[in-house]
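The values are calculated or read from the model by the stated rules, or taken from the named source; none is laboratory data. The shown structure was predicted, so the numbers you read here are calculated from the model rather than taken from an experiment. Here the Cβ positions follow ideal geometry from the backbone for every residue, glycine too, while neighbour counts run over all protein chains shown. The area values use the complete protein model at the heavy-atom level, side chains included, leaving out ligands, DNA and RNA. Shrake-Rupley method; radii C 1.70, N 1.55, O 1.52, S 1.80 Å.
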Amino acid sequence: MSLGAQTFDTIIANGTVVTASDTMRCDVGIRGGRIVALAEGLAEGADSAVEIIDATGRLVLPGGIDSHVHLDQPSGEGIVMADDFESGTRSAAFGGNTTVLTFCMQEKGKGLRQSLKDYHAKAEGKCHIDVGFHLVVTEPTADVLGQEMPALVEDGYTSIKVFMTYEGLRLRDDEILATLDAARGCGALVMVHCENEDAIRYLIGRHEAAGETAPKFHASSRPAAAEREATHRALSLAEIVDVPIVIVHVSNREAMEEIERARQRGSKVAGETCPQYLFLTADDLDLAGMDGAKYVCSPPPRDKASQDACWDGLERGVFDLFSSDHCPFRFEDDQGKLNEKGKRSFRWIPNGIPGVETRLPLLFSEGVGKGRIDINRFVALTSTNHAKLYGLYPRKGTIAIGADADIAIWDPAREVVIDNDILHHGADYTPFAGIKVTGWPVEVMVRGELVVSDGQLVGQAQGQYLARDRSALVR
């Protein structure tokens, strides 16, 4: 088939194409892994060599970009993460995603470049979709901040994460300031996990002294005030250095209000929330035996009022990103949630839940389907804004001529009850089991090649590493 002098490898015909700004009925012409035409009637009289995908009654969306994913990450002595790069990217693909940005954790005693070398080795040849890396700074030495970080930003690793909690990962305020200042100098974008570690350690100790060691006490040891205070502090430190930041996995209205106040002062701030803060509450941790351990993550799920606040933040634009914070551990496993120390106290239960495969269907069903957000806002929150914020746009995150043909075709009427048996991650449970959703991705392609088709994995692992430009927020 030709349009003028153009020929196509694949045509997606008869679907409704949706971007963050537009909704249109047209065909999509793909050649060489890129989108080369958007027009009506591309499939009419197509040559037999052209693959035609009939998308009648379907939505044709940019592939999801999940910019907050943990895969194959060192998680403490005797603890093993449930997903490596093969299973994690496979699960992501079945959930309608075509790119994930995962974290490269700087291990103690190692520089950033050596840690990156280790992560690239873990990912090599295993990824079903495209992958990029955020750098987690845990030892902000002069060499790391003055030499490695600027060089790696030039190499395309343009985002940094710092923690204000977790002993062994968290940075002091002066270390955060030094990292923010170094990021400002080289144009890196900094993501911050905001929780007050000193307050958390005090509350953990108080719970344990009272014999309160069940999983439910994880939630009360990490109250919203500890998140709000740390959010305010992170924003203040960024204001002192005059650098943009991303506040990740926000769980409550109080932290949201800190973001809004910072923006009113003129600060550049991006906000992110996750499915666990829309669909789970602290009550999910208060189950018989150790079952509450399945829901242990940080920040923890809050209450119904906080759920409503986070929905409001998605609707009003407080949040730019909807990510999964996929951080999976097996439940029935002595290297996972039910490790020996974890069974003695919530302090030792690995923090994190699986969610990369269910992120998009949950938001589509309860957001678009219930009229909380429109379909264009859905695309922005789950794909386009991630691409813009993390230096991938316009190659990724949209359906436009010249963009990579990263596309998810959705059946908006398909009804699915979420159950772990239908998912493809390495965990042995899903925290969203039993939720009925309407709308599901049925075909997913990365750079013009089908990865998932009608519930089946197609072809070999073909994901590529993505070097990224500097963030639009930084530029």
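Expressed as a whole percent, the accessible area of the range 408-475 that falls on carbon and sulfur atoms is 43 (1.4 Å probe). Derived from the Cα gyration tensor, the three semi-axes of the equivalent ellipsoid of the range 239-283 are 24, 10, 7 Å, largest first. Mean residue ellipticity, 222 nm, helices only, the chain: the sum of -39500 (n - 2.57) across DSSP H runs of n ≥ 4, divided by residue count and rounded to 500, is -7500 deg cm²/dmol. Against the chain, whose longest principal axis comes from its Cα atoms, helix 173-186 is set at around 30 degrees. What pairs from LYS370/LYS396; LYS122/LYS337; LYS268/LYS337 go past 30 Å between their alpha carbons? Cα-Cα > 30 Å for LYS268/LYS337; rest within. For the range 310-356, a Kirkwood radius taken over Cα pairs fed into Stokes-Einstein (20 °C, viscosity 1.002 mPa s) yields D = 171 µm²/s. Could you check what % of the DSSP bridge pairs in the chain are antiparallel, to the nearest 5? About 45 percent, rounded to the nearest 5.
Mind pulling the angle between the C-alpha long axis of helix 253-264 and the longest principal axis of the chain? Nearest 10 degrees, somewhere in 0 to 90. Orientation of helix 253-264: about 70 degrees from the principal axis. Shape summary of the range 1-152, radius of gyration then Dmax from alpha carbon positions: 20.9, 63 Å. Ligands, DNA and RNA left out, the 1.4 Å accessible surface of the range 21-154 is 46% carbon and sulfur atoms.
Its Kirkwood hydrodynamic radius, worked out from the mean inverse distance over all distinct Cα pairs, puts the chain at 22.5 Å. Its Cα centre serving as origin, the chain has a Cβ charge dipole (Lys and Arg +1, Asp and Glu -1) of approximately 760 debye. In the range 246-361, Rg over Rh equals 1.03, where Rg is the alpha-carbon radius of gyration and Rh the Kirkwood radius from pairwise Cα distances. Dividing the alpha-carbon radius of gyration of the range 281-440 by the rule-of-thumb value 2.2 N^0.38 Å gives 1.15. Surface analysis of the chain yields an accessible area of 37 Å² per residue, using protein heavy atoms and a 1.4 Å probe.
Near the amide H of CYS127, within less than 5 Å, lie the amide hydrogens of GLY463, all on another chain or at least 5 residues away, with H placed in the peptide plane. Sparsely packed loop sites in the range 152-245 (the trypsin sites (Lys or Arg not before Pro) outside DSSP H, G, I, E and B with at most 12 other Cβ atoms within 10 Å) comprise ARG172. Helix 197-209 and the longest principal axis of the Cα set of the chain meet at an angle near 60°. Each of SER453, SER324 has its accessible area taken with a 1.4 Å probe; listed largest first, they run SER453, SER324.
Within the range 297-397, the GluC sites (Glu not before Pro) that combine a DSSP coil assignment with at most 10 other C-beta atoms in a 10 angstrom radius are GLU332. Restriction of the GluC sites (Glu not before Pro) in the range 202-290 to DSSP coil positions whose beta-carbon has at most 16 other beta-carbons within 10 angstrom yields GLU212. Counting only protein heavy atoms, what percent of the accessible surface of the range 303-406 is carbon or sulfur at a 1.4 Å probe? Within the range 303-406, the accessible surface is 46 percent carbon and sulfur.
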